[in-house]
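J.: Once you've had a glance at the structure underneath, I'll fire off some questions.
Any read-out appearing in this document is the output of simple, stated calculations on the displayed coordinates, not a laboratory observation. Everything numeric in this text was worked out from a predicted model, so none of it was measured. Because the Cβ atoms are built from the backbone with ideal geometry, glycine has one as well, and the counts that use them run over all protein chains shown.
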Amino acid sequence: MTDSVTGAGDGTRAVRAGLPEPVKHEPTLPGPVFAAHFHLPGDPTGPYTYGRDENPTWTHLERAIGELEAPGHDDVETLVFASGMAAISSVLFSQLSAGDTVVLPDDGYQVLPLVRTQLEAYGIEVRTAPTGGDAQLDVLDGAKLLWIETPSNPGLDVCDVRRLVEAAHTRGCLVAVDNTLATPLGQRPLELGADFSVASGTKQLTGHGDILLGYVTGGDAAAMASVRRWRKIVGAIPGPMEAWLAHRSLATLQLRVDRQNANALVIAEALRDRHEELGVRYPGLPGDPSHKIASQQMRRFGCVVSFTLPTRARADRFLDALRLVDDATSFGGVRSTAERRGRWGGDAVPEGFIRFSAGAEDPQDLVADVLRALDESSR
Ligand SMILES: *Cc1c(COP(=O)(O)O)cnc(C)c1O
């Protein structure tokens, strides 16, 4: 897969992303810089003054993520955060004030309803719309910001980003896309016209299930300045060690994503072809309700598959019977995980709904484990 802007493929770009110019006797990727403050004689000029404002380890990571989110666009800026929620909150609370209106998904990440309550407490009007079917179009009038999550977590519905951006921009409304599930190798929201690409780096971006991280990438300097100001105010900053680990993990992003997404497709096909109807959803599966639009705007379809077992008890037995798949929340790691999503409450999913995250195991082992667990749990 090559890119028209720089000519480099995704694997090449991933291994080189954000690396500084080589310096004799220095490592290729400089180690984490642990500093609460930096030597600063005289007038305080930037960039490195105090550790809540800037850190050289973040700078390298921010460049790396920017090169993946918007290759060839040097005017784009990226800011890293302590978690995906820190990044999301920073966009929402820096862009909106009392009297403004925002449109949120009603089937998005499970913390969004809590965010909604907080936005409303600050006098911001919140409207919601489902992700599939571009129903957001009906509630855009007068909105300041449209927040979309595509593919949605956990329902895996997809909306048409270009179409929604066009409708929003005509009305003077900004658009932010939660790009967590797709990763920048799966989807580039800024190239689809969005103003912000926001994501949790906790999931497939870093992919080992051992750090929390978030980021915001945007092309509008003024909007990004206010997001930066918000990060400084709330101090929702990643530690240098997490930032460095994340950057190190990016080198294998293309390898992990391609292996995990291929596994997701194989699992989805195996579930679809079973004798029992499981309501399997995967945007990469031809025939899936999301597939058509996903094919127009995504370059890869993600590592998450969902399906529904008839009862909660069957779902629990299935999860118990799996040997290669951990019963755990979150997704995107190199080790496959699955969970009964309804155990949390909050998501509008049936009791037997399973969110399955494909890891980097060998496909035949993974499929065999899943099919065996399905058979055993049906008895
Ligand atoms: C996990 C997730 C978040 C929140 O990210 P954290 O890193 O856990 O704060 C936001 N959006 C989506 C789609 C997610 O899956």
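J.: Please list 3J(HN,Hα) in residue order for segment 197-212, calculated via the Karplus relation 6.51 cos²θ - 1.76 cosθ + 1.60 where θ = phi - 60°; whole Hz, with x for glycine and proline.
T.: Coupling constants for segment 197-212: 10, 10, 7, 8, x, 5, 8, 6, 4, 9, x, 10, x, 10, 9, 9 Hz.
J.: Here's a follow-up. Would you mind pulling out the separation of the Cα centroids of segment 352-375 and segment 242-286, in Å?
T.: Here the answer is 11 Å between Cα centres.
J.: Counting alpha carbon pairs within less than 8 Å and at least 6 residues apart, what relative contact order, in whole percent, applies to segment 104-219?
T.: The normalised contact order for segment 104-219 reaches 19 percent.
J.: For Lys292, go through the aspartates and glutamates and keep the ones whose alpha-carbon is under 14 Å away, minus same-chain ones fewer than eight residues off.
T.: Asp134, Asp157, Asp160
J.: Kindly put Cys173, Cys303 in sequence by how many other C-beta atoms sit within 10 Å of each C-beta, fewest to most.
T.: Numbers: Cys173 21, Cys303 33.
So the ranking, lowest neighbour count to highest, is Cys173, Cys303.
J.: Could you list Lys203, Lys24, Lys144, Lys232 so that the one with the fewest beta carbons within 10 Å of its beta carbon is first and the one with the most is last? Spell out each step's value before the answer.
T.: Working: Lys203 24, Lys24 4, Lys144 19, Lys232 14.
Going from sparsest to densest Cβ surroundings: Lys24, Lys232, Lys144, Lys203.
J.: Moving on to the next point. With the cut-off at 1.5 for a/c, could you classify segment 225-293 from its C-alpha gyration tensor as rounded, prolate or oblate? If you can, show how the numbers build up before the last one.
T.: On the way: a/c = 3.51, a/b = 2.16, b/c = 1.62.
Taking the square roots of the gyration eigenvalues as a ≥ b ≥ c, segment 225-293 is prolate.
J.: Something else now. Can you give me the angle between helix 56-69 and the longest principal axis of the chain, using Cα atoms only, in degrees from 0 to 90, rounded to the nearest 10?
T.: The angle comes out at about 50 degrees.
J.: Could you work out [θ]222 nm for the chain from helices alone, using -39500 (n - 2.57) per DSSP H run of at least four and dividing by all its residues? Round to the nearest 500 deg cm²/dmol.
T.: Calculated from helices alone, the mean residue ellipticity at 222 nm is -10500 deg cm²/dmol.
J.: Hey, in the GNM for the chain with a 10 angstrom Cα cutoff, which one of His208, His247, His25 fluctuates hardest?
T.: So, out of His208, His247, His25, the one fluctuating most is His25.
J.: Could you work out the relative contact order of the chain, using alpha carbon pairs under 8 angstrom and six or more residues apart, expressed as a whole percent?
T.: Normalised by residue count, the contact order of the chain is 16 percent.
J.: For each of Trp244, Trp344, count neighbouring Cβ atoms within 10 Å of the residue's Cβ, then give the residues from fewest to most. Intermediate values should be presented prior to the final figure.
T.: Numbers: Trp244 22, Trp344 12.
In increasing order of surrounding Cβ atoms, one gets Trp344, Trp244.
J.: Which residue, Thr131, Thr252, Thr78, has the most motion in a Gaussian network model of the chain that connects Cα atoms within less than 10 Å?
T.: With Cα springs under 10 Å in the chain, the top fluctuation among Thr131, Thr252, Thr78 is at Thr252.
J.: For a quick check: with amide H placed at 1.01 Å from N, whose amide H comes under 5 Å from Leu174's, ignoring anything fewer than 5 positions away on the same chain?
T.: Under 5 Å from the amide H of Leu174 lie the amide H atoms of Leu145, Leu146, each far enough along the sequence or on another chain.
J.: Which whole-Hz ³J(HN,Hα) couplings does segment 288-297 yield from phi under the Karplus relation 6.51 cos²θ - 1.76 cosθ + 1.60, θ = phi - 60°, glycine and proline marked x?
T.: Couplings: 5, x, 8, 4, 4, 5, 4, 5, 7, 10 Hz.
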